[in-house]
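The block underneath contains the structure these notes are about, expressed in structure tokens.
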């Protein structure tokens, strides 16, 4: 059987999560917005899941908004906050290595008059906190920095970023999609004002995500309709998937230490194999890397060539983005200035596969 090593892309649904979801497809299938017995059962399930997803980041249940995934959450957080607070300024600060969902949103906002600062990163993929602070001006509304990078696994200095944003009274939004269940995420301790993640990265279902929005922060909806989620995200509740992401968070919260220890063991085994057999060298070995992502520079192969050669053994991803004819560096590797990007693969492991 081909081994799946592309878990930063998506993960296998935990069997316990699936079991929890199934009744909401076939038995307890009422609309959570309906005022009858079936609706009440679904509504109670949604609210229980809200407690479970809030617990994993140390937030209040009422601060959690269910969405279709991190991409929607990112759009809701950034666009929604800027629109609701347009009278306060028009400047955003983000990072050149952010997920495309953040970068594309910021690029769109530039076309309608917003000013965006894209921070550089050093050779280790980290921002410069001094540059961040110097980029803040009296028009700055929002700082958007991801917790852990999806290609390199590098963890940004989140607590320090929270300190800077708090000091200057600027809202801090964090995409924590690759961090949940892998490292400690605490929105109070780390002074994060808004945060998002997706179910399918944590052994939950696809098509469901959450946005944490701290109380007192105003955002406008980007989807209008029936007024669900306190009017911030209209649409019929996807109850089975909401139950699924809640259960996935509950499992991760309870099994956090053993999962991280297992990931670290698996990671070290892979690193030892590649380096001792002279296949490749691991990038970003510092402590500020999540335990499930391994970036490797191959010694004697191009990444595409190597993955094709090994396709019957395992699947992983390259550190490159391809079009029909040319392999070009991803925006992340380009920002870090990796000259040998064609030799980089990303292996990402999981507690299950």
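The values are calculated or read from the model by the stated rules, or taken from the named source; none is laboratory data. Small disclaimer: the values here were computed from a predicted structure and weren't measured. So basically every Cβ, Gly included, is an ideal-geometry build from the backbone, and we count neighbours across all protein chains shown.
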Notebook entry, point to check: Does residue 73 satisfy the condition of being surrounded by fewer than 22 Cβ atoms within 10 Å (Cβ to Cβ) and either in contact with a strand residue (DSSP E or B) (Cβ under 7 Å, 6 or more places away or on another chain) or at pLDDT below 95 (or both)?
Noted result: no
Checklist line | Positions within region 128-152 being under 17 Å from residue 171 (Cβ atoms) and part of a loop (DSSP other than H, G, I, E, B), in sequence order | finding: 136, 137, 138, 139, 145, 146, 147
Note to self: Restricting to region 109-130, give me the number of residues that are over 30 Å from residue 290 (Cα atoms) and surrounded by fewer than 17 Cβ atoms within 10 Å (Cβ to Cβ).
What the structure shows: 5
Checklist line | Conditions (1) free of Cβ contacts under 8 Å to residues at least 60 places away in the same chain; (2) in the same structural domain as residue 55 (by TED's automatic domain parsing); (3) part of a helix (DSSP H, G or I): number failed by residue 261 | finding: (2)
Next item on the list: Answer yes or no: is there a residue in region 270-282 that is touching a residue at least 12 places away in the same chain (Cβ under 8 Å), farther than 29 Å from residue 318 by Cα and touching a helix residue (DSSP H, G or I) at 6+ places or on another chain (Cβ under 8 Å).
Entry: no
Next item on the list: Select from region 286-321 the residues that are loosely packed, with under 14 Cβ neighbours inside 10 Å and within 21 Å of the chain's Cα centre (by Cα) and write down the one among them that is modelled with the highest pLDDT.
Entry: 287
Check: Tally time: how many residues in region 201-214 are over 12 Å from the mean Cα position of the chain (by Cα) and buried (at least 21 other Cβ atoms within 10 Å of the Cβ)?
Finding: 6
Item checked: Residue that is in the same structural domain as residue 70 (by TED's automatic domain parsing), surrounded by 22 or more Cβ atoms within 10 Å (Cβ to Cβ), closer than 17 Å to residue 92 by Cα and in contact (Cβ under 8 Å) with a residue 60 or more places away in the chain, where the choices are 154, 145, 171 -> 171
Margin query: Looking only at residues that are out of contact with any helix residue (DSSP H, G or I) (no Cβ under 8 Å at 6 or more places or on another chain) and not in a loop (DSSP other than H, G, I, E, B) in region 176-200, which one is surrounded by the most Cβ atoms within 10 Å (Cβ to Cβ)?
Written below: 195
Note to self: Please go through (1) without any contact (Cβ under 8 Å) to a residue 60 or more places away in the chain; (2) closer than 17 Å to residue 333 by Cα for residue 120 and return the number of the only condition it doesn't satisfy.
What the structure shows: (1)
Check: If you check 270, 296, 242, which single one turns out to be closer than 21 Å to residue 51 by Cα and in contact with a strand residue (DSSP E or B) (Cβ under 7 Å, 6 or more places away or on another chain)?
Finding: 242
Check: Based on what the data block shows, is residue 294 in contact with a helix residue (DSSP H, G or I) (Cβ under 7 Å, 6 or more places away or on another chain), in the same structural domain as residue 74 (by TED's automatic domain parsing) and in contact (Cβ under 8 Å) with a residue 40 or more places away in the chain?
Finding: no
Notebook entry, point to check: Do the conditions hold for residue 139, that is, is it at pLDDT 95 or above, in contact with a strand residue (DSSP E or B) (Cβ under 8 Å, 6 or more places away or on another chain), surrounded by fewer than 20 Cβ atoms within 10 Å (Cβ to Cβ) and assigned by TED's automatic domain parsing to the domain that holds residue 245?
Noted result: yes
